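The values are calculated or read from the model by the stated rules, or taken from the named source; none is laboratory data. As the structure is a prediction and not an experimental result, all values here were calculated from the model. Please note: Cβ atoms are built from the backbone with ideal geometry, for glycine as well, and neighbour counts cover all protein chains shown. Only protein heavy atoms, including side chains, enter the accessible area calculation; ligands, DNA and RNA are left aside. Shrake-Rupley method; radii C 1.70, N 1.55, O 1.52, S 1.80 Å.
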Amino acid sequence: MSLTMPTAAELLGNRHRILVTGGAGFIGGAVVRRLLRESTAQVFNLDKMGYASDCTSIEQVLTELGPAGEGRHQLLRVDLSDAQATAEAVQRADPDLVLHLAAESHVDRSIAGPEAFISSNVTGTLHLLQAVRAHWEQLAGE
């Protein structure tokens, strides 16, 4: 029996507006590139563009896609520790699906400055959840 991996389009179904947090990071960037290559979704890449962020490979995919990639990727430079900016980004993206991949994960940095990790990973996640819930509550019933 041969297993085949479903394409991003198959996984997304009727979801066309995808918000990816941490989309300029290692894992998030791979997800954004796959979404761009394998679907027609509009991808909103919410990233604070810190020391581990890089959109070079995403820009290369957009170049490869040519006209099919035009306007499908929007970088939203937002730090999740900023509740107001996070809420505004969620409203702007108006997502059908949120993939939360943003995280501070470098152990050496967490030892030297644990407050930044709490702010980003815990408080940032709280702000995202609150913003998404508030956005969901104001949507029409269907």
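Given 52, 30, which one is part of a helix (DSSP H, G or I), aliphatic (A, V, I, L, M) and open to solvent by 10 Å² or more (accessible area, probe 1.4 Å)?
Residue meeting the stated conditions: 30.
Six or more apart or on different chains, Cβ atoms under 9 Å: show the pairs whose first residue is in region 118-142 and without any contact (Cβ under 8 Å) to a residue 12 or more places away in the chain and farther than 21 Å from residue 15 by Cα and whose second is in a helix (DSSP H, G or I) and open to solvent by less than 90 Å² (accessible area, probe 1.4 Å).
Correct list of pairs: 126/83.
When you scan region 102-142 for helices (runs of 4 or more DSSP H) that lie fully inside it, which ones turn up with 1 or more residues that are at pLDDT 95 or above and within 19 Å of residue 27 (Cα to Cα)?
124-137
Every residue in region 60-90 that is in a helix (DSSP H, G or I), over 19 Å from residue 118 (Cβ atoms), among the hydrophobic types (A, V, I, L, M, F, W, C) and without any contact (Cβ under 8 Å) to a residue 40 or more places away in the chain, please.
61, 62, 65, 68
Would you confirm whether any residue within region 91-103 is free of Cβ contacts under 8 Å to residues at least 40 places away in the same chain and closer than 20 Å to residue 128 by Cβ? Don't jump to the end; show me each part of the working.
Of all residues in region 91-103, those free of Cβ contacts under 8 Å to residues at least 40 places away in the same chain come to none.
Within region 91-103, none of the residues are free of Cβ contacts under 8 Å to residues at least 40 places away in the same chain and closer than 20 Å to residue 128 by Cβ.
Residues that are in contact with a helix residue (DSSP H, G or I) (Cβ under 8 Å, 6 or more places away or on another chain), under 26 Å from residue 87 (Cα atoms), in a loop (DSSP other than H, G, I, E, B) and open to solvent by less than 40 Å² (accessible area, probe 1.4 Å): does region 2-22 have at least one?
Yes, that holds for at least one residue.
Within region 59-84, take every residue that is more than 23 Å from residue 26 (Cβ to Cβ) and not acidic (Asp, Glu) and give me the one that is surrounded by the most Cβ atoms within 10 Å (Cβ to Cβ).
Only one residue fits best here, namely 83.
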